[in-house]
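Here the structure is laid out as structure tokens; the discussion comes afterwards.
The values are calculated or read from the model by the stated rules, or taken from the named source; none is laboratory data. Keep in mind the model is a prediction, meaning the values are calculated, not measured. Cβ: placed from backbone, ideal geometry, glycine included. Neighbour counts: every protein chain shown. Please note that ligands, DNA and RNA were not included when accessible areas were found on the heavy atoms of the full protein model with its side chains. Shrake-Rupley method; radii C 1.70, N 1.55, O 1.52, S 1.80 Å.
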Amino acid sequence: MGCGIRRPSSFIALVVGGALAACSAPPAPTEGDLAAPDVGVQLFQLPWTAIAQECEETLGPRGFGWVLTSPPQEHIDRVEWWASYQPVSYELETRLGTRDEFADMVQRCDDVGVAVIADAVINHMTGQNTAGTGWAGTPYEHYEYPGLYADGDFHHCGLTADDDIADYTSREQVQMCELVNLADLDTSSESVRAMIGGYLDDLLSLGVAGFRIDAAKHMSAADVEAIVDALPDDTRIISEVIRGGGEPIQPEEYAAFGEVFEFTYARDLVPQVLSGTLIDPEFADPRLGHVSDETAAVFIDNHDTERGEADLTYRDGDLYLMANALMLADDYGTPVLYSGYAFSDRDAGAPTDGEGRVVAAACGGVRQQAGGMGRSPIGGAASDLSTLSDGDRTCVHASTAIAGMLEWRRVAGSAARQPGADEGDAYGFEREGRAVIAANPGSEEQQITIPTSLPDGAYCDVVLAGPRIGEQSACPDGGTITVAAGAASFTLGAAQTAAIHLFSRT
Ligand code: LAG
Ligand code: CA
């Protein structure tokens, strides 16, 4: 074929139609060449109006499949972010917005193809020992929630001195005692299940696609399943079950009726990035210590782990990006990105206005920016994640590099992940015939060649350049990667990630 470039057969018709023009133009995808968006993003403590805007400006256009919101139910009236995790009632009135704003957000996200998953806090109510009034004005006591629950609707486990969970090797304690003093609902009770079901049905009536089940480990799988079974069949369920070695309750129990967040994923990958020794995963399904591919929601960090176990967070800039890019490039699980705000105090809530409502400037859409996370400026702020001030949104979901990797993932589709190659600290792999990624977690420049069946040619790095399909601009300086003789050749600086795909050819 002309131009020394092999083209996949699906493009022959285009080539025939305009042989000369097609020689210089990069290949364009046709219907069916791009997998449907599947990636989610947790927009932590972001107000509903801002999420709606992010859906329209960034999430929809860049090919996110869904967004996970913070809990939408009335909560205790405290300024810490974790007030969201202490329900007072199931009114959809919170410091993140009103019921009408929530409904409008769901509609607007849906309109641009982004499904909304709500964080459902159903294991417990508040952890307050003194009576109070919730954000929306509902009075409550620790075990009294007018119109919802009374003392008899709660577990009083009687297994520990203060009824708090003390021993995670005891299934009974973990599920029937209190998680940090949070009044533990008796989810085995039909009336409690019906009350929770009513709340979830209300959210479904506004168009949400499904739920993150908060603290699922603290309810028996049978209880969660009974609650979920009462919902429409197409309701998406992602249970949060923090895997703990030596604990009797394992995520697999909850994978029987939905997806689960697989904490092992980051625990495996992050140390590899930090130590500069990236290796192939288990290619078996399920991977060792993981739930099955189709039931796994995977992530590098979330709002809890960035305040706890995560050794790689927004503060780590390029290496954080690398871990997220490798996750997006993988053929295991459904990736969930995390986008929150900078903090130095783990309890600090997101910035609020004079009335206690959370405020947030929108990230402003994806910008073509060279290097690092390619973060969009917020009000002219710095583009480097490590320079954020407390309360600044990280806008990880709006980064150029992430947008490029979302495109890469859709091109890779269901192509198999090939065994990787490594050279010094650098490592990379191909998704067969579709896309190649390379990463250098080391501190020195490193060259690496990765076997690939991509056609020979010059390709543009989508981590640097962002999405390339339909892009008219030239590939930025330093972004060109050559494929020749069955290998892609990368020269990677310290902490650099680069990735090319079939349609990023220049
Ligand atoms: C979760 N998943 O299972 C959430 O992802 C996690 O963020 C929640 O903890 C937890 N389970 C309960 O929904 C968060 C904070 C806690 C906070 C809790 C309740 O990480 O720190 O506890 O929400 O607001 C706070 C205080 C405790 C206190 C408790 C009750 O930190 O010291 O005992 O409130 O007043
Ligand atoms: Ca419980």
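All of Arg78, Arg108 fail the test of being outside any loop (DSSP other than H, G, I, E, B) and under 24 Å from Leu46 (Cβ atoms), apart from Arg108. If you check Ile242, Ile249, Ile237, Ile227 for being more than 30 Å from Gly428 (Cβ to Cβ), open to solvent by 20 Å² or more (accessible area, probe 1.4 Å) and of a type in the set (Val, Ile, Thr), only one passes: Ile242. A single entry from Gly365, Gly379 fulfils the requirement of being modelled with pLDDT under 95 and touching a helix residue (DSSP H, G or I) at 6+ places or on another chain (Cβ under 6 Å): Gly365.
Scanning the range 89-116 for residues that are open to solvent by 60 Å² or more (accessible area, probe 1.4 Å) and more than 21 Å from the chain's Cα centre (by Cα) yields Glu91, Arg99, Asp100, Glu101, Asp104.
For the range 480-506, the set of residues classified as crowded, with 21+ Cβ neighbours inside 10 Å and either free of Cβ contacts under 8 Å to residues at least 24 places away in the same chain or outside any loop (DSSP other than H, G, I, E, B) (or both) consists of Ile481, Val483, Ala488, Phe490, Leu492, Gln496, Thr497, Ala498, Ala499, Ile500, His501, Arg505, listed by residue number. Just to verify a result, which residue in the range 222-257, among those that are out of contact with any Ser or Thr (no Cβ under 8 Å at 6 or more places or on another chain) and β-branched (Val, Ile, Thr), is farthest from Glu190 (Cα to Cα)? Taking the candidates together, the pick is Ile242.
In the range 285-316, how many residues are away from ligand 1 (no atom under 16 Å from the Cβ), over 24 Å from Gly65 (Cα atoms) and surrounded by fewer than 18 Cβ atoms within 10 Å (Cβ to Cβ)? Number satisfying all stated conditions: 4. Would you confirm whether or not the range 322-331 contains a residue that is hydrophobic (A, V, I, L, M, F, W, C), touching an Asp or Glu at 6+ places or on another chain (Cβ under 6 Å) and touching a residue at least 40 places away in the same chain (Cβ under 8 Å)? Looking through the range 322-331, none of the residues is hydrophobic (A, V, I, L, M, F, W, C), touching an Asp or Glu at 6+ places or on another chain (Cβ under 6 Å) and touching a residue at least 40 places away in the same chain (Cβ under 8 Å). Report whether or not Ala435 is surrounded by fewer than 24 Cβ atoms within 10 Å (Cβ to Cβ), under 25 Å from Arg62 (Cα atoms) and in contact with a strand residue (DSSP E or B) (Cβ under 8 Å, 6 or more places away or on another chain). When the stated conditions are applied, Ala435 does not pass them.
Under the condition of being away from ligand 2 (no atom under 12 Å from the Cβ) and part of a strand (DSSP E or B), which residue from the range 175-212 is farthest from Asn129 (Cα to Cα)? Here the residue is Gly210.
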